[in-house]
Structure formats: structure tokens, C-alpha cells
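K.L.:
So that we are looking at the same thing, I have put the structure below in C-alpha cells.
The values are calculated or read from the model by the stated rules, or taken from the named source; none is laboratory data. Keep in mind the model is a prediction, meaning the values are calculated, not measured. Glycine also receives a Cβ, built like all others from the backbone with ideal geometry; neighbour counts cover every protein chain displayed.
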Amino acid sequence: MVVFPQLRLRRLRRTEMLRALVRESRVDIGDLVYPIFVAEGRGIKEEIPSMPGIFRFSPDQLPVEVEEIAELKIPAVLLFGIPEHKDEVGSPACDPEGVVQQAVRTIKHSAPKLLVITDVCLCEYTSHGHCGIVVGDQIDNDRTLPLLARMALSHAEAGADIVAPSDMMDGRVKAIREMLDTNGFQHIPILSYAAKYASAFYGPFREAAESAPQFGDRRSYQMDPPNVREVLREVEQDIAEGADIIMIKPALAYLDVIRQVRNTFNCPLAAYNVSGEYAMVKAAVRQGWLDERKTILEILTAIKRAGADIIITYHAKEVASWLQSV
Ligand code: PBG
């Protein structure tokens with residue numbers, strides 16, 4: 001074995017050209033998905049206080065935004081809807097004239113090549129803020145499935161390219177796959193939030209989407225943070241039910257989970273760099289405590305190194321503009 005002084009690992013770190021030559025992971029603009037909050041109404045473009053640089057847009061404000069995204073060569077957006085009215089069963093979620101359905105049509109018109117992924121979950125549409133139908137004080141799994149399937153179908157009918165269920169009900173991938181297949185949408189992929197943890201890092205998102213649960217919490221359906229073997233079972237199930245892409249969420253505190261799923265399964269893997277992760281970086285940058293560009297690129301590179309193929313991130317626009325200029 002060659003050892004010091006013949007071996008000097010610093011030789012390959014001496015210049016940027018050498019470092020670039022042996023670099024093992026890179027963030028590519030083509031890996032990024034940019035989340036967008038769409039609020040029902042007209043003329044709305046309001047910044048989310050805990051997420052500087054991220055806005056709620058009404059559908060009529062989307063063309064300018066998505067043309068910019070497409071110009072930056074970001075391949076995909078992920079839509080979250082904020083309806084004007086909510087009810088017990090989240091009925092606005094399946095409305096063909098609903099906010100997400102309108103947004104999908106607008107985006108497909110303004111930036112036809114941009115991939116439109118839609119979040120399939122009831123929490124933004126229910127008055128109680130839970131991701132499923134509430135019976136007593138429980139979230140009823142099986143009664144929720146047909147609603148999720150109808151919601152996914154209405155997104156596909158509006159023109160969505162990929163549907164992304166984030167509700168964490170058992171059996172939803174199967175229910176959605178069957179609904180899409182029996183209605184002529186066999187070609188629409190499902191990106192499943194296979195492993196979504198009951199995380200504190202969703203706080204800013206819930207402010208943005210007005211989707212915080214009105215009673216209790218989501219621990220009866222989202223995953224318990226200490227567990228990772230259970231994730232492998234979740235992923236196995238979702239793949240068996242027909243998921244095309246698997247997602248792990250959040251990303252940063254769960255890099256080990258990304259790595260284990262990458263080592264165990266061969267399907268494309270996405271990681272969601274969630275709202276709280278974004279808010280922490282922006283807050284520290286505002287204080288002058290962290291270098292914005294270096295910190296963000298390091299975080300996203302770490303998510304790639306852990307094994308993610310796709311990164312869903314609120315940083316997508318800024319990162320795309322930095323990567324374009326180098
Ligand atoms: C909806 C949903 C949530 C997020 C994505 N889809 C919130 C939640 O589960 O409470 C969080 C995304 C983020 O924090 O950026 N079920």
C-alpha cells in the first residue's frame with residue numbers, strides 16, 4: 001500500500017481544475033424542481049414572511065413567473081393550491097375550475113415544455129387542515145383514497161405531467177394509478193412522497209399554504225423521525241403499487257435515509273429540501289451569519305452526494321442563475 005510521503009491526497013486538491021476533475025457529485029440545473037404556491041383570486045403576488053423571495057401567486061400572475069423559470073432552464077415546477085373556500089372533505093381539490101387546475105392550464109399555455117407536477121393532498125383544502133377525511137378524531141384512510149384518486153385525475157385532465165401524492169395514506173398510489181389508468185392517463189407518472197416524516201421543518205410551508213391542522217398533528221399518518229427501516233417498507237409498497245419516482249422528505253436531517261433508499265432501490269429518487277430548511281438559511285444569511293451562495297450550493301450538493309437524483313427546492317431559481325453564470 002502506498003502511504004505518505006509517496007501518497008499525498010492534497011495533490012488533487014491543489015487547483016480548481018484538479019478539484020473539478022475529480023469531483024464526485026454535482027448539482028445540475030436539470031435536477032431541480034421549483035415549488036410554487038398558487039392562491040385563488042386575481043392580482044395576487046404576496047411574499048411569504050418566513051420564506052423571503054417566495055411568493056403566493058394567483059393564476060393570472062403565473063405567466064411571467066413561469067417564463068422566467070423556463071428561461072433559467074429549470075425543468076419542472078411543483079404546484080400547491082390555496083383555495084378561497086375549504087370544507088370538511090376538501091371538495092375544491094377536485095374542482096375542474098379549482099385553483100391548481102387553472103394554474104396547470106395557464107402554465108401549459110405560457111411555458112408548454114415546463115413539466116408541471118401537482119401536489120395531491122387534501123390538507124390545503126380541508127377546513128380541519130388534515131390530509132384525509134376526519135371521522136371522530138381519527139383520519140380515515142380508506143375513505144380518503146377515492147378523493148385523492150379523483151383529485152389526481154382532475155390534475156391530469158387539466159394537463160399535469162406528473163402527480164405527486166403527499167398525504168401518506170396507505171394504498172393511495174394504487175388508488176391513483178387505477179383511476180388514471182381507467183381514464184386514459186396510463187402515461188402520467190406518479191411521484192410518491194413515499195417517506196414523508198412528521199417534521200417540524202414544514203412550519204413555513206403551513207403558513208404559506210394555510211394548511212396547519214386545526215386539531216392534533218400529523219403523526220398518525222406521517223413517519224416517525226427516528227425510523228428508517230420503516231421507510232424501506234414504505235418505499236417497497238409504493239413501488240409495488242406503481243410509483244414511478246420516490247421522494248424522501250425533508251432532505252437535510254434525513255440524508256442517511258436518502259442514502260439507504262438509494263442503495264436498496266433502483267427507481268429515480270427525489271429529495272424535498274423543505275420550507276424550514278430554506279427559512280433557516282435565509283434567516284442566517286440576513287443576519288450576516290452565513291455566506292448565501294456557498295451555503296446553498298453545499299447543501300444541495302450534499303443532497304446529491306447522499307444519492308438523490310432530483311431536488312425539490314425553493315432555492316431552484318437562485319441556484320439556476322448561479323450555475324448559468326459559471
Ligand atoms: C402537504 C404538504 C406539506 C409539505 C408538502 N406537502 C406540509 C405538511 O405535510 O404539513 C411541506 C413542504 C415544505 O415544508 O416545504 N401535505
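K.L.:
Kindly provide the set of residues from region 142-162 that are over 20 Å from V66 (Cβ atoms), within 15 Å of the ligand (Cβ to nearest atom) and either among the hydrophobic types (A, V, I, L, M, F, W, C) or surrounded by fewer than 22 Cβ atoms within 10 Å (Cβ to Cβ) (or both), ordered by number.
P.N.:
L147, L148, M151, A152
K.L.:
Considering region 296-326 alone, what residues qualify as being without any contact (Cβ under 8 Å) to a residue 24 or more places away in the chain and either among the hydrophobic types (A, V, I, L, M, F, W, C) or over 17 Å from R26 (Cβ atoms) (or both)?
P.N.:
Keep residues of region 296-326 that are without any contact (Cβ under 8 Å) to a residue 24 or more places away in the chain, which gives 296, 298, 325-326.
Within region 296-326, I296, V326 meet the criteria.
K.L.:
On to the next question. Read through the list (1) modelled with pLDDT under 95; (2) away from the ligand (no atom under 15 Å from the Cβ); (3) under 20 Å from the mean Cα position of the chain (by Cα), then give the number of the only condition that V116 fails.
P.N.:
Evaluating V116 over (1) modelled with pLDDT under 95; (2) away from the ligand (no atom under 15 Å from the Cβ); (3) under 20 Å from the mean Cα position of the chain (by Cα) leaves (1) as the failure.
Per-residue answers, yes or no, for (1) under 16 Å from G132 (Cβ atoms); (2) within 15 Å of the ligand (Cβ to nearest atom); (3) among the polar types (S, T, N, Q); (4) surrounded by fewer than 18 Cβ atoms within 10 Å (Cβ to Cβ):
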residue	(1), (2), (3), (4)
F215	yes, yes, no, yes
R218	yes, yes, no, no
P225	no, yes, no, yes
R229	no, no, no, yes
R233	no, no, no, yes
D244	no, no, no, yes
K249	no, yes, no, no
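K.L.:
If you don't mind, there's one more thing I want to ask. Among the numbered criteria (1) within 15 Å of the ligand (Cβ to nearest atom); (2) free of Cβ contacts under 8 Å to residues at least 24 places away in the same chain, which single criterion is violated by T182?
P.N.:
Tallying (1) within 15 Å of the ligand (Cβ to nearest atom); (2) free of Cβ contacts under 8 Å to residues at least 24 places away in the same chain, T182 fails exactly one: (1).
K.L.:
Please indicate, with yes or no, whether at least one residue in region 22-33 is within 16 Å of the ligand (Cβ to nearest atom) and touching a residue at least 24 places away in the same chain (Cβ under 8 Å).
P.N.:
The answer is yes, given that some residue of region 22-33 is within 16 Å of the ligand (Cβ to nearest atom) and touching a residue at least 24 places away in the same chain (Cβ under 8 Å).
K.L.:
Right, next: Quickly run through region 149-185 and pick out the residues that are of a type in the set (S, T, Y) and closer than 14 Å to I245 by Cβ.
P.N.:
Correct list: S166 only.
K.L.:
Then there's this: Across region 26-82, which residue is nearest to P92 (Cα to Cα) among those that are among the charged types (D, E, K, R) and assigned to a strand (DSSP E or B)?
P.N.:
Across region 26-82, the extreme among qualifying residues is R56.
K.L.:
Turning to a different aspect of this structure: Being out of contact with any strand residue (DSSP E or B) (no Cβ under 6 Å at 6 or more places or on another chain) and either without any contact (Cβ under 8 Å) to a residue 40 or more places away in the chain or surrounded by 15 or more Cβ atoms within 10 Å (Cβ to Cβ) (or both) is true for just one of R42, R56. Which residue is that?
P.N.:
Numbers: R56 fails: out of contact with any strand residue (DSSP E or B) (no Cβ under 6 Å at 6 or more places or on another chain).
Of R42, R56, the one residue that is out of contact with any strand residue (DSSP E or B) (no Cβ under 6 Å at 6 or more places or on another chain) and either without any contact (Cβ under 8 Å) to a residue 40 or more places away in the chain or surrounded by 15 or more Cβ atoms within 10 Å (Cβ to Cβ) (or both) is R42.
K.L.:
Run down G216, G242 and say which single residue is in contact with a helix residue (DSSP H, G or I) (Cβ under 7 Å, 6 or more places away or on another chain), at positive phi, small (G, A, S) and in contact (Cβ under 8 Å) with a residue 40 or more places away in the chain.
P.N.:
G242
K.L.:
Do we have D167 as closer than 21 Å to E236 by Cα and either at pLDDT below 95 or within 13 Å of the ligand (Cβ to nearest atom) (or both) here?
P.N.:
yes
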